[in-house]
There are 2 protein chains.
Amino acid sequence: MEILETNFNEKLPEILEVIEKADFIGIDLEFTGLNQTSTFSHPFASVASFYNRIQKTFEGFIVIQLGITAFWVHPDDEKKFQCKSFNIYLYPRGRKSVFRFEGSCLDFLAGNGFDFNKLFTKGVAYCSVHDAEKLKGQLAKKHKEKRKQLISKEPDVSSHIQVPEQEQEVVNKACEEIDKFLESADQEEVVFDSYNGFQRKLIYQTIEGKYFTQVSASPKDLERNRKGIVITRKKTLDEEIKLFEEKCQEEIKKLETEIGVTHIFQALSKSRKLLVCHNMFLDLIYLMRQFTGPLPEDLDEFKKLVHDFFPNVLDTKHLCTKEVLKEVVGSSVLPHVLEACRSSLFQLPEIESLGDQKYTLDDSKEHEAGYDSFITGVCFLALTNHLGILPKDLNANCKKLKSFKNKIFVLGLDNITCCNLTGPDEKPSREHVFHVTFPSTWKNTDIIQHFKNFGPIQIKWINETSAYVALQQREYSQSVMKSIGRYPGVTVVPYAEYEDAQSPHEDRKRKLPVSSSQESGEKAVKKAKTTTSKIFPENSDW
Amino acid sequence: MEILETNFNEKLPEILEVIEKADFIGIDLEFTGLNQTSTFSHPFASVASFYNRIQKTFEGFIVIQLGITAFWVHPDDEKKFQCKSFNIYLYPRGRKSVFRFEGSCLDFLAGNGFDFNKLFTKGVAYCSVHDAEKLKGQLAKKHKEKRKQLISKEPDVSSHIQVPEQEQEVVNKACEEIDKFLESADQEEVVFDSYNGFQRKLIYQTIEGKYFTQVSASPKDLERNRKGIVITRKKTLDEEIKLFEEKCQEEIKKLETEIGVTHIFQALSKSRKLLVCHNMFLDLIYLMRQFTGPLPEDLDEFKKLVHDFFPNVLDTKHLCTKEVLKEVVGSSVLPHVLEACRSSLFQLPEIESLGDQKYTLDDSKEHEAGYDSFITGVCFLALTNHLGILPKDLNANCKKLKSFKNKIFVLGLDNITCCNLTGPDEKPSREHVFHVTFPSTWKNTDIIQHFKNFGPIQIKWINETSAYVALQQREYSQSVMKSIGRYPGVTVVPYAEYEDAQSPHEDRKRKLPVSSSQESGEKAVKKAKTTTSKIFPENSDW
C-alpha cells in the first residue's frame, strides 16, 4: 500500500495492526544522499572511527521513503507465510526545514521511477520522538486549561498585558465593531482581517475581558497566509462545550497528521519485533537521526541508542556473508541474494501477499523501499530455511539466530565484518599499517621504493599527498620506524598513532595546543568514564 | 520552449540567436530555497549588512529553472513587439554535487505544478564560467597533443612509470592476449574487463610502448560502472586521423552538454543587453554564485562583480515603486503589476510570441520561470510606455531609463528603497534606533516602560531576548544613552555601535581578542583600501 498524506490517517491503524501481528518485519529506506567517497577510503579504520566519519559526512540528508513488510506464519498452514507491505513517502512538509540533496542520488532515484512530485506534495510529515511527546503534552495541557475555563465561566486574564497607548485606538475600533455586531439581529458573524499579530493578541484579550459572556472569538486563515479573527455570539454552555470538544478532536487529528510517520517508528520500537534489513548500517544512522535527533559522537552511545529502540535487528547482508551461507550465496548485493535464494540451492516457502500492495518476486521495483523491504524478508525466509530454522521459530526469540542478531554489516574495513550493537567490535591488529605523507609528485613506484626494505606492500591512496601502506610480511612491522630513515617532505607514522590523532577523544585533546576551556576537557573525561561501564552491562550478550 | 538535456544541444543556437537579436531580455529564476525569516527582520540594517546576512543564509540553495524571454521591435511595425521565450531546467547532473532544499519551497513549487521528476532526470547541466573555460582549455590541449603524437608516429612515453614487481604478471598476461589477438585473422577486437585503474594505466602504457604501430587501445564503459579497454588493430594513418577527429568532435560535444546552461549565462553577459527582472536582488545572488563561484563577503565587490557581467540590468519592482508609476500601479507584486498594466490606466503594445513556447497573458503559469520572464517583459513594456518611452528606444542605451537602471529593489529596510549597483547606497540616519537586550520574560509593555521618558517608540523584535527600538520623536535620540540608566539584565546600545560589532570589517577585528594572525589582519586592511578606489571609478554614473 502506498502511504501518502492523503490516506495516512485512514491507513495508520492497519499499519499498527500488522506490526503487532508480525513474527518479523522487513524494512528498507531511501535517502536523499549516499555520498560514497569510495576513492578516498579508510580501510584500516576501527568501527568507531568509521561511524564517526560517516555520521558527519551524511549530515543533513534525510529519509524520504520507508518500506515495511510484516511477515507472519499462515494461520492455516505453518509451513507458509502471509505478509503485508507498505511503501511510505516521508517529507517534512509545512515546516521551515532545510535538508541536503546529493545530485547523483536524486538522479539515480528519479531514474528508477521515484516520484518526487508525489513526495513533495503528498509526503507524510514526521518529527522526532521527543517533539511528538512534547507537542502532544502541550496540546493536552492547553485543552485541559480551556476546558476548565469554559466550565468555570471566568476568563483567565493572568497573561493579559496593558494596551500600549499607540494601539488604544485599534482596540477601541474593534470594540465599536463588536458592539455594532451585538446590536444587529441578523448578522451571524463578524470577521476582523486587517490587524497584525500583536493587535490580534490585544483584541483577543479585550474580548476575553470585556465580552466574555457575549461573544466567542477564534482564529481564521485568510488568503495569502494572513490571519484574521471570527467573532460569533456566545452559545449556551452545552453548545459551547460541544463545539469546544469538536475543536479539540480536530486539533488532535491535525497534530496526529503532523506527527505522521513517527507513530510508525514508535510502534516498531515498542513492538520489540525482529527487524530485518539488508546492509542496514546507514539505514540505522538515518533512521535514528530523523526520529530521535542529533546522533552521539561516540559509537558506543550510538549502539546503546539503537539497541534501546530496536533490541532485535538482523542484517541479512551480515547473515549471508557468514559461515555456511557465504559460499552458497556468493555476491551479497540484494538482487543477487534474491537470485540465489530463488535458485535450486534454496527452498522458498510459499508467501501470500495481503492488502492493497501485493508485491511479487517478478516485480522489477528495486529501490522502491516497500518492494525492497518485501524481498529482504523473502531472502531472510530462504536463508533461514537453509539454516534449518522452522517457520514458527522465526522471531525475536529464535535461539539459532542469536549469534547473527544485532550485528550490522560494515563495508570496506580490512578484517572487520560487522558492527556489534551489543558488544565490543573486532579490533584486528594494524601494526603492519603506516600512514605516509609525501610530495604530490609521488606515484605508486615512489612509495614502493621508499618501503623497499620491508617486502611487498599494499597501498591505499587517501589523496594526492598521503596514503596508507600495509606490509604483506608482518614480521617487518617493528623494524619500519627504526630503520626507514628520514627524508625531507616525507612522513611515516604507525597507524595507531595516526588514528589516535584523528579521533575526538580526550587523549588527543591533551596533546593539542590549549584551545578549548578546562571545563570541556573535564566533561570529556567524565563522558569517557561513564561510557564503558554504562553501555554494556554484565548481562548483555557479548 | 522547454529546454531539457534532451533538446539542449539542438536548441542552444536558437537561444543564442535571440539573445543577439533582442532589444531587451526578461529573465526569472526559480530556486530550491527562499528561507524568509521574516519574523526576525532587521529593518535598520544597511544594504551592506543586509547583503552580507542573506548571502550567507542562502548558501547551498541553487537555481533550478531559468526563464528567458527576448523582446525586439516588430520588423514590420515599429509600434509592435515580437518575443521568444525559453523555460530552462537546470540540474547539476552526473557530478557529486550536494545542495540544499527548503521543505516549504519545494512544497510550494510542486504545488504550482513544477515537475521535479523532469528536473532530476532531464535537467541541463551547468558549471561556473571559470570551470567552463578551464575544461575547454584542457580538452583542447589534450586534443592538440594527441594530434601531434598521431602524426609524429612516435609514442609519448615521458609519463610512463616503472611496472611494480607485483603487477608484472598482469602486464605479461595482457601482452600474451594482445599477441594472440594479432595472430588471429578473424578476431576484430579484444576487450579487457577485469583490471583495476592502476593496472589499466600500466596496460595502456605497455601498448603505447610495445604495440604502438600494431594496435590501438581505448576505454570502454562496462556494466555496473566498471571500466575496460578495447584493443583493435591499428588502421592506416588517414583512417586513424579520421577516427581521431571524430572522437574529438564527440568529446567536444559531450563537454558542451556538461557546460550546458553556462553557455547561456555567458551569452547574456557578452551581449550587454538590457536585462529586465522583477525583484531581482535574490536572483542576482543566486545567479552570480551558481555561475561565477563563491560570492565576495563585501557588498561593493559583489556590485562590481554583477556590473562587470551585466552592465545593464533593470528591476521592474524598483521601477514601479518610483515616482509617477508608484501611485498608478499600487501593489508591486508581479501579478498585481500585470493586472494594473492590463487595466485602462495603461496601454499595452501588441506583442507577437514566436517559437514553440508561445505564452499569452491569459496563461496561468505563475512560478514557471519562462512565463514569469514573459510577463516581466510585458509589464516593462506597459510601464515604459506610460513613461512616454518609444518602442525603438527600449534598450540598454535608453536615456530615459538611466536613472532606474542598475538599481535593485530591496525589501524591508527602513527608508532604503534599493541597492545601487553603480554607486553608494542610501544611508538614512539610525541615530534614533537602539539595540536592546532583556530577560526572556519581557513583553512589549516592559520595553515601552523602559523607554517611557523618550516618547512613543516602534519595537522590532529580533528574538525572545532582544529587539530594536526606534524613537518616534528623534529629538530625544541624544539623551537616551545619557539618561536611560542601567538595569541588571538589560542592555541598550546605539544602533551604529551594534551593527559595527556585527559586521566582518577590520575595525571590528581589532576590537576582538587576538584570534586571527597578523597576516590576515593586514590582508583585510589592504582589501578595504583597494575597495573604495577601485570599484567606483570617477566616470561611473552615480
Residue tally, condition part of a loop (DSSP other than H, G, I, E, B) and within 12 Å of the chain's Cα centre (by Cα), over segment A:264-305:
4
Residue among A:Asp315, A:Asp283 that is closer than 23 Å to A:Asn395 by Cβ and out of contact with any helix residue (DSSP H, G or I) (no Cβ under 9 Å at 6 or more places or on another chain)
A:Asp283
Count of segment A:245-263 residues which are touching a residue at least 40 places away in the same chain (Cβ under 8 Å) and part of a helix (DSSP H, G or I)
11
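One line per residue, one yes/no per condition, for (1) buried (at least 19 other Cβ atoms within 10 Å of the Cβ); (2) within 14 Å of chain A (Cβ to nearest Cβ); (3) farther than 30 Å from B:Gln357 by Cα; (4) in contact with a Cys (Cβ under 8 Å, 6 or more places away or on another chain):
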{"site": "B:Leu4", "(1), (2), (3), (4)": "no, yes, no, no"}
{"site": "B:Asn7", "(1), (2), (3), (4)": "no, no, no, no"}
{"site": "B:Glu14", "(1), (2), (3), (4)": "no, no, no, no"}
{"site": "B:Glu17", "(1), (2), (3), (4)": "no, no, no, no"}
{"site": "B:Phe24", "(1), (2), (3), (4)": "yes, no, no, no"}
{"site": "B:Phe31", "(1), (2), (3), (4)": "yes, yes, no, yes"}
{"site": "B:Ser46", "(1), (2), (3), (4)": "yes, no, yes, no"}
{"site": "B:Leu66", "(1), (2), (3), (4)": "yes, no, no, no"}
Go through segment A:373-400 residue by residue and tally those that are touching a strand residue (DSSP E or B) at 6+ places or on another chain (Cβ under 7 Å), in a helix (DSSP H, G or I) and at pLDDT below 95.
2
In segment B:369-405, anything surrounded by fewer than 24 Cβ atoms within 10 Å (Cβ to Cβ) and of a type in the set (S, T, N, Q) is listed as B:Asn385, B:Asn395, B:Asn397, B:Ser403
Those residues of segment B:439-465 which are in contact (Cβ under 8 Å) with a residue 40 or more places away in the chain and either of a type in the set (Asp, Glu) or touching a helix residue (DSSP H, G or I) at 6+ places or on another chain (Cβ under 7 Å) (or both) amount to B:Ile462, B:Asn463
Is it true that B:Asp76 is under 25 Å from the mean Cα position of the chain (by Cα) and either at pLDDT below 95 or more than 14 Å from chain A (Cβ to nearest Cβ) (or both)?
no
Name the residue, out of B:Val129, B:Val98, that is β-branched (Val, Ile, Thr) and more than 13 Å from chain A (Cβ to nearest Cβ).
B:Val129
Of everything in segment A:151-170, what is within 13 Å of another protein chain (Cβ to nearest Cβ) and part of a helix (DSSP H, G or I)? Give them in sequence order.
A:Glu165, A:Gln166, A:Glu167, A:Gln168, A:Glu169
Just for segment A:70-116: of the residues that are touching a residue at least 40 places away in the same chain (Cβ under 8 Å) and among the β-branched types (Val, Ile, Thr), which one is nearest to A:Asp393 (Cα to Cα)?
A:Val73
Please pick out the residue among B:Lys173, B:Lys84, B:Lys144, B:Lys148 that is over 21 Å from the mean Cα position of the chain (by Cα), surrounded by 22 or more Cβ atoms within 10 Å (Cβ to Cβ) and away from chain A (no Cβ under 12 Å).
B:Lys84
Scan (1) more than 14 Å from every other protein chain (Cβ to nearest Cβ); (2) out of contact with any helix residue (DSSP H, G or I) (no Cβ under 8 Å at 6 or more places or on another chain) for the single condition A:Thr57 breaks and write down its number.
(1)
Unique match (being aliphatic (A, V, I, L, M), more than 30 Å from A:Val469 (Cβ to Cβ) and not in a strand (DSSP E or B)) among A:Leu361, A:Leu413:
A:Leu361
Counting only strands (runs of 3 or more DSSP E) entirely within segment B:425-486, those with at least 2 residues that are crowded, with 18+ Cβ neighbours inside 10 Å are B:433-437, B:466-471
Which members of segment B:115-152 meet the condition of being among the hydrophobic types (A, V, I, L, M, F, W, C) and touching a Lys or Arg at 6+ places or on another chain (Cβ under 9 Å)?
B:Phe120, B:Val124, B:Ala125, B:Cys127
Output the residues belonging to segment B:371-388 that are touching a Leu at 6+ places or on another chain (Cβ under 8 Å) and of a type in the set (Gly, Ala, Ser).
B:Ala382
Against the conditions (1) small (Gly, Ala, Ser); (2) within 14 Å of another protein chain (Cβ to nearest Cβ); (3) closer than 23 Å to B:Glu250 by Cβ, where does B:Gly137 fall short? Just the number, please.
(2)
Which residues, counting only those in segment A:12-28, are among the charged types (D, E, K, R) and out of contact with any strand residue (DSSP E or B) (no Cβ under 6 Å at 6 or more places or on another chain)?
A:Glu14, A:Glu17, A:Glu20
Restricting segment A:33-44 to residues that are at pLDDT 80 or above and more than 10 Å from chain B (Cβ to nearest Cβ), the one farthest from A:Ser373 (Cα to Cα) turns out to be A:Phe44
For segment B:306-345, the count of residues that are among the hydroxyl-bearing types (Ser, Thr, Tyr) and either touching a strand residue (DSSP E or B) at 6+ places or on another chain (Cβ under 9 Å) or part of a helix (DSSP H, G or I) (or both) equals 3
So for segment B:338-348 (the condition being of a type in the set (D, E, K, R) and under 27 Å from the mean Cα position of the chain (by Cα)), does at least one residue qualify?
no
Checked segment B:102-118 for anything of a type in the set (Gly, Ala, Ser), out of contact with any helix residue (DSSP H, G or I) (no Cβ under 7 Å at 6 or more places or on another chain) and either crowded, with 20+ Cβ neighbours inside 10 Å or at the interface with another protein chain (Cβ under 7 Å from one of its Cβ atoms) (or both); matches are B:Gly103, B:Ser104
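The values are calculated or read from the model by the stated rules, or taken from the named source; none is laboratory data. The model shown is predicted, which means the values in this text are computed figures rather than measured ones. Virtual Cβ from ideal backbone geometry, glycine too; neighbours counted across all protein chains shown.
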